[in-house]
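**Student:** One structure, pasted below without further comment.
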Amino acid sequence: MTNLELLWTWLQYVYGNDGAAAILGNVRAESAYIPCNLQNSYEKKLGYSDVTYTAAVDSGAYDRNKFAHDCAGYGLAQWTHWSRKQNLYDFIKERKLSIGDLKGQCDFMITEIRGYGLAEQLASPDLSLRDKVAIVLRKYEKPADQSEANVDRRTGYAREILYQMTASAHPGSGHAELVALLRKTADELEKLTT
């Protein structure tokens, strides 16, 4: 299974289809579902790649304090703020996992989302997919760009994920053409916004 499929399985169980898609649309924009993703602009500054940074944190060569305070985004949600990275580090280390562990980071996201008081909103049938994407973007991810255009771009990703995952759960359901169209539209939107 791909990282996307695994994350979908775990998040869909907790938040339902739209909630999982909203989270994953944001995760796609942040890290492309790569749990050991070190923010690209920090690789040269810190002298690490995704793999070497993860290995250094895992071995202790790059300790908790450095990890928490280096200002580099890391992981699925590109955790950047020192307290969130410190909490991620502690959560993962308590479970004796690699800092780049996919399931460990997913569990940490679920814990954080609950702690932020967002779980009910993401699981609610009363909110639209776009509303849920905006909640994740503005109340959980909190990137510098919180514009409506960024909400729209991430909603496009979430729609693509939703149709891809629900169509794959129901082969022959007629969604294949729609998934292809959504992929093309999402790519075109991304080109326009970059």
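**Student:** Tell me the carbon and sulfur percent of the accessible area for the chain, rounded to whole percent, probe radius 1.4 Å.
**Tutor:** Details: 5130 of 9620 Å².
C and S atoms contribute 53 percent here.
**Student:** Moving on. Using modelled backbone amide H atoms (1.01 Å from N, in-plane), which distant-in-sequence or interchain residues come within less than 5 Å of W79's amide H?
**Tutor:** Long-range HN contacts for W79: Y74.
**Student:** Rg over Rh of the chain, using C-alpha atoms and the Kirkwood radius, what does it come to?
**Tutor:** Details: Rg = 16.7 Å, Rh = 17.2 Å.
Result for the chain is an Rg/Rh of 0.97.
**Student:** Taking H placed 1.01 Å from N in the peptide plane, check which residues at least 5 places from I99 or on another chain put their amide H under 5 Å from its amide H.
**Tutor:** Counting only residues 5 or more places away or on other chains, the set is D58.
**Student:** Over the stretch 63-156, average the accessible area per residue using a 1.4 Å probe and give it in Å², no decimals.
**Tutor:** Details: 4240 Å² over 94 residues.
Heavy-atom accessible area per residue stands at 45 Å².
**Student:** Roughly how many nanometres apart are two label points built 7 Å out from the Cα toward the Cβ at T2 and Q146?
**Tutor:** Result: 3.1 nm between the two label points.
**Student:** Show me, for the stretch 53-69, the HN-Hα J-couplings you get by feeding each phi into the Karplus relation (A = 6.51, B = -1.76, C = 1.60, θ = phi - 60°), rounded to Hz, glycine and proline as x.
**Tutor:** 5, 4, 5, 5, 5, 4, 7, x, 4, 10, 6, 4, 5, 4, 4, 5, 10
**Student:** With a 1.4 Å probe and all protein chains left in place, how much accessible area per residue does the stretch 1-51 have, in Å²? Display every interim value, and only then the final one.
**Tutor:** Working: 2450 Å² over 51 residues.
It amounts to 48 Å² per residue over the stretch 1-51.
The values are calculated or read from the model by the stated rules, or taken from the named source; none is laboratory data. Bear in mind the structure is a predicted one, so any value in this text is a computation, not a measurement. Every residue, glycine as well, gets a Cβ built from its backbone with ideal geometry; the counts of neighbours run over all protein chains shown. Side chains included, ligands, DNA and RNA excluded: accessible areas come from the protein's heavy atoms. Shrake-Rupley method; radii C 1.70, N 1.55, O 1.52, S 1.80 Å.
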